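Worksheet: one structure, shown below.
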Amino acid sequence: MKKLTDKKAYICDMDGVIYHGNKLIDGSREFVDWLKTQKKKFLFLTNSSARSPRQLRQRFSDMGIEIDEDHFMTSALATASFLASQHPGARVYVIGESGLINALHDKGFAIDHANPDYVVVGETRTYNYEQIENAIRFVLRGAKLIGTNPDVTGPSEAGIVPACRALISPIELATDRKAYFIGKPNPLIMRHAIKKIKCRREETLIIGDRMDTDIIAGIESEIETVLVLTGITGRNDLIRFPYQPDHIIDSVADIIRTA
C-alpha cells in the first residue's frame, strides 16, 4: 500500500469508485479527505457526459464532500475540445444531458436540428425514438457520429443501467457507420487529464472499477493502475481480459487504511 500512498497525483473514476447513484461508497469520503490533507494532486475523471463540473461539485457537496470544480474532468469536456480541434464552429445535433450541451456551447458550437455536421451522443434518461430517427437521417446525409464514451453499461443504486455505447448502437446498426468515442480508454481524454493535473505519468495513479475503460486507459497511457471491486468488475471477471491491473483492492478506503 505504501507504493500507492507515495504517488503525487491520483486520477479517479467516480461511479463505482466514489459513489453509486446518490450513495457514497464506504470509505470514499475519508479517501478524498486524505487526498486534500496530504496535498495530493487529484482529478475525478468520468466517462459520463451528463453533468458539468459545477453540477458534479454540487453533487459531491450534497454527499458531504467539498472540492472545487477544477478537480473534475468529463467526457463531455473532452468531446467538446476534440470537436473544436477538428471543426471549430461546427453545427451539432446532440442526444444527451445538460453537461454535454453546455460543454459544446462553451466551445462555440451551435445546436442544429436540421443539417448538423456532427451527431453527438452521450448518456441521457430522455432517449426516445424520434431522436434515433433524426440521428440516423443526419448520419446518412453525411454527419459524423461521435460518442462521448464507449461504456455499454454503468452502475447505479438500482443496479446496471445502459450507457453511451448501448444508446448509440441503434444508430450505428441502422446507418452502417461506426461512432468515434472520445472517453476512456481513448488516449485523447487521458492527455487532457494529465495536462490538467500537471503531473508526470510516473508520479500518477489511475483508480477505476472497469477493466475495459479505466484500467486499459492507464495501461495504454503508461500510468500505474488500481482496480477497485466496488463497481462493475469483480474478481471473477479478470480472467476475461488479456491485460491485468497493477493493483487490485476492495475499495479506495484500502489505500488510506495503511497510510
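The values are calculated or read from the model by the stated rules, or taken from the named source; none is laboratory data. Only a predicted model underlies this, so the values are computations on that prediction, with no experimental measurement involved. Note: ideal-geometry Cβ built from the backbone for every residue, glycine included; neighbour counts use all protein chains shown.
A single entry from D15, D33, D6 fulfils the requirement of being of a type outside the set (G, A, S) and under 27 Å from A76 (Cβ atoms): D15. Residues that are hydrophobic (A, V, I, L, M, F, W, C) and not in a helix (DSSP H, G or I) were ranked within the range 52-76; the one that is farthest from E30 (Cα to Cα) is M73. Consider the range 205-222 and keep the residues that are of a type in the set (D, E, K, R) and part of a helix (DSSP H, G or I). The one that is nearest to the chain's Cα centre (by Cα) is D214.
When residues of the range 191-222 are filtered for being closer than 21 Å to F181 by Cα, surrounded by fewer than 24 Cβ atoms within 10 Å (Cβ to Cβ) and aliphatic (A, V, I, L, M), how many remain? Within the range 191-222, residues that are closer than 21 Å to F181 by Cα, surrounded by fewer than 24 Cβ atoms within 10 Å (Cβ to Cβ) and aliphatic (A, V, I, L, M) number 5.
When the test is whether a residue is closer than 27 Å to R125 by Cβ, of a type in the set (G, A, S) and either surrounded by fewer than 22 Cβ atoms within 10 Å (Cβ to Cβ) or not assigned by TED's automatic domain parsing to the domain that holds S251 (or both), G142 does not pass it. Every condition in (1) outside the structural domain of I146 (by TED's automatic domain parsing); (2) within 26 Å of I160 (Cα to Cα); (3) not polar (S, T, N, Q) is met by D68 except one, and the failing one is (2). Of all residue pairs spaced 6 or more apart or on separate chains, those with beta-carbon atoms under 7 Å, a first member in the range 4-30 that is without any contact (Cβ under 8 Å) to a residue 60 or more places away in the chain and a second member that is of a type outside the set (K, R) and in a strand (DSSP E or B) are M14/F44; M14/T46.
The C-beta contact set for the range 208-236 (first residue assigned by TED's automatic domain parsing to the domain that holds Y19 and on the phi > 0 side of the Ramachandran plot, second residue surrounded by fewer than 23 Cβ atoms within 10 Å (Cβ to Cβ) and charged (D, E, K, R), distance under 6 angstrom, 6+ apart or interchain) comprises E222/R201. Considering T74, T148, the condition of being among the hydroxyl-bearing types (S, T, Y), touching a residue at least 24 places away in the same chain (Cβ under 8 Å), outside the structural domain of I168 (by TED's automatic domain parsing) and in contact with a helix residue (DSSP H, G or I) (Cβ under 9 Å, 6 or more places away or on another chain) is satisfied by T74 alone.
Among the residues of the range 112-152, those identified as over 23 Å from the mean Cα position of the chain (by Cα) and under 15 Å from A90 (Cβ atoms) are D112, H113, A114, N115, P116, D117, F138, V139, R141, G142, A143.
Being touching a Lys or Arg at 6+ places or on another chain (Cβ under 6 Å), closer than 18 Å to A50 by Cβ and surrounded by fewer than 23 Cβ atoms within 10 Å (Cβ to Cβ) is a description that does not apply to P162. When the range 166-186 is limited to residues that are surrounded by fewer than 19 Cβ atoms within 10 Å (Cβ to Cβ) and under 18 Å from the mean Cα position of the chain (by Cα), the one that is nearest to I216 (Cα to Cα) turns out to be Y180. In the range 187-204, the qualifying residues are those that are among the aliphatic types (A, V, I, L, M) and closer than 15 Å to F82 by Cα, and the one that is nearest to the chain's Cα centre (by Cα) is I189. Scanning the range 1-16 for residues that are in contact with a helix residue (DSSP H, G or I) (Cβ under 9 Å, 6 or more places away or on another chain) and part of a helix (DSSP H, G or I) returns L4, T5.
Among the strands (runs of 3 or more DSSP E) confined to the range 127-175, the ones with at least 2 residues that are of a type in the set (A, V, I, L, M) are located at 144-147, 159-162. Return the residues of the range 19-46 that are outside any strand (DSSP E or B) and either in contact with a strand residue (DSSP E or B) (Cβ under 7 Å, 6 or more places away or on another chain) or assigned by TED's automatic domain parsing to the domain that holds L100 (or both); say none if nothing qualifies. Passing the criteria: G21, I25, S28, L35, K40.
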